[in-house]
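Colleague: Handing you this structure, nothing more for now.
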């Protein structure tokens, strides 16, 4: 195989609200932390051990606006994207690195309210948002008049 692949798929819970940054040209970026958990039983002590891994998620433009509108801390979401490492210098001139997940697709799985509702059996159900796909490097779709009969 001569090609390469940079693909990440995560299912986790938002650790904070989506933080938005808007640009002069009309674009925007949303960022939020995502927690994934791994639980196993220790063979030595026979106790359950849980490890949490934190991921920095970056969503752009329309996808970021949708995430800001519908996601909140604690919500469960499926994220698909690619790894991107950024390098910068801090105030003291030291090189710093940050690895992020550049989100290309996402699907809302459950809201925090739904998760709490499932814990208490008689809670009202909250409708699930529809899955959302975001294509990277594709121009936005504009409303065009066409001559289709439907």
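Taken together, the values in this text are just the output of simple stated rules run on the coordinates, not laboratory data. Note that the coordinates shown come from a computational prediction; the quantities given were computed from them, not determined experimentally. In this analysis, Cβ positions are derived from the backbone assuming ideal geometry, glycine residues included, and neighbour counts consider all displayed protein chains.
Colleague: Can you give me the convex hull volume of the Cα atoms of segment 13-80, divided per residue and expressed in Å³?
Modeller: Measuring per residue, one finds 81 Å³ for the Cα hull of segment 13-80.
Colleague: Let me ask you something else. Return the inverse of the average 1/r over all pairs of distinct C-alpha atoms in segment 1-41, which is the Kirkwood hydrodynamic radius, in Å to one decimal.
Modeller: 13.7
Colleague: A further question follows. Which order results if 77, 58 are arranged by neighbouring Cβ count within 10 Å, fewest first?
Modeller: 58, 77
Colleague: I would also like to ask the following. Just grab the label-to-label distance for residue 73 and residue 40, each label 7 Å out from Cα along the Cβ direction, in nm (one decimal).
Modeller: If labels sit at residue 73 and residue 40, their model points lie 3.1 nm apart.
Colleague: Okay, next question. What percentages, rounded to whole numbers, describe P(r) for segment 8-130 computed over all alpha carbon pairs with 10 Å bin width beginning at zero?
Modeller: Pairs per bin, as whole percents: 12, 35, 31, 17, 6, 1.
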